[in-house]
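Encoded as structure tokens, the structure appears first; notes follow it.
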């Protein structure tokens, strides 16, 4: 059964003992009521960041401009944020009460607060919407989305993660305000999009970004209408953003992995993973699941590779099948190959070091991995001498 970590209640008590009001808010309360694992904790209080820094010794001054201080307690990182509200000019300022704060939360299922006694503050029917499995904006969805347009994508993300439907008025607001998403920083968009595509219920939730045409406002999707059709091919959640890139580049090779990474502010790691997945998918399309494909595929990419094969070729693969091949490989890396540049120069003293050496090592590596050549130095030498074209 899900529960709130006792360290969080201790923090609430410390704030109250210092004369302030404090509540656990947002996702932690939502997940507790849904009996889901609670991993992230947010606390709302009328204490200012300076007050929080004075009360707690182990703090990280992250997000001070938003009134947030991270408090470290019993190995937990707890975000403590001062109550906020919007003033007449549309700016967020500190508020005095939890009621004011909750009125500016994104969705009713997140506009829930719990005190240290476990009492729930629910002003907007959040518990009822949890029971009905509905995502509904707090009060006016147009106001909530104009305050932060990323909330439109968050609505779909929660649908993807929780399997909830988006309430009609909220969904209509997304359709009408979709162009506002262009005001959001790409880093925030990518973080939300990654969570969305990895959700357990992504196959059913993706219709929301397509039907509202919110998808058409996102980087690269805004230039290629065919991308919606490609996204619809995915019948299971994605494992990673790199898998998403590999899928789209496979179907639309004119838009490179590099352009995807630049457009979505991806990392070098994601670029390397997308390229490796794309190479593996193409190799599978040509020769099927070979020893050499598995040899070159990093084990951490097995799951996204399997999802890509299922989506593109409508063929079932299993991690067990891949691991069985991996176990039987004669070598697991080039460092285990019984051939190196030093040996080649000894065998061919008349030749100068050059590209031919790397090419020959690659050819021998392929033959060994495919099981057509024993990984033994003398055997490899004889194979090379019997294949003079390889040394040209």
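Each residue in 9, 158 was given a count of other beta-carbon atoms within 10 angstrom of its own, and listing them fewest first yields 9, 158.
Annotation: the residues 52, 184, sorted from fewest to most other C-beta atoms within 10 Å of their own C-beta, follow the order 184, 52. In the chain, the DSSP beta bridges split such that about 75 percent are antiparallel, to the nearest 5.
Under the simplified labelling scheme, the residue 324-residue 120 pair shows an inter-label distance of 4.8 nm, with each label point 7 Å from Cα along Cα→Cβ. In this rough spin-label picture, where each label sits 7 Å from Cα along the Cβ direction, the residue 267-residue 352 distance is 4.3 nm.
Helix 355-369 sits at what angle to the longest principal axis of the chain, using alpha carbons and giving 0 to 90 degrees rounded to 10? Roughly 80 degrees between the two axes. Here residue 372 and residue 312 are evaluated by their C-beta separation; at R0 = 22 Å the FRET efficiency comes out at 0.20. Please list log₁₀ I(q)/I(0) at q = 0.12, 0.15 Å⁻¹ for segment 133-237, using the Debye equation with identical point scatterers on the alpha-carbon positions. So the normalised log intensities work out to -0.34, -0.55. The distance separating the Cα centre of segment 316-344 from that of segment 1-49 comes to 50 Å. The calculated FRET efficiency for residue 9 paired with residue 334, based on their beta-carbon distance and R0 = 45 Å, is about 0.25.
Annotation: extensible slack from residue 300 through residue 48 equals 86.4 nm (criterion: 0.36 nm per residue apart, minus Cα-Cα distance). Each residue, residue 342 and residue 282, gets one label point 7 Å from its Cα in the Cβ direction; the gap between the two is 3.5 nm. Relative intensity of the chain on a log10 scale, I(q)/I(0) at q = 0.11, 0.12, 0.15 Å⁻¹, equals -0.89, -0.99, -1.29, per a Debye sum over C-alpha point scatterers of equal strength in the absence of solvent. Please find the FRET efficiency linking residue 89 to residue 187, where r is the Cβ-Cβ separation and R0 is fixed at 22 Å, and quote it to the nearest 0.05. My answer for the efficiency is 0.25. What's the angle, to the nearest 10 degrees (0 to 90), between helix 168-177's Cα axis and the longest principal axis of the chain? Long axis of 168-177 versus the principal axis of the chain: about 70 degrees. A straight line joining the Cα centroids of segment 212-235 and segment 97-174 runs 26 Å.
Reported value for segment 1-132: 103 Å³ per residue, from the convex hull of its C-alpha atoms.
Each helix, a run of at least 4 DSSP H residues, gives -39500 (n - 2.57); summed and divided by the residues of the chain, these come to -14500 deg cm²/dmol at 222 nm. Taking Cα atoms only, the orientation of helix 268-287 departs from the longest principal axis of the chain by about 50 degrees.
We did not get these values from a lab; they are worked out from the coordinates using the rules stated. Owing to the predicted nature of the structure, the values given are computational and were not obtained by experimental measurement. All Cβ positions, even for glycine, are placed from backbone atoms using ideal geometry, and neighbour counts span all protein chains on display.
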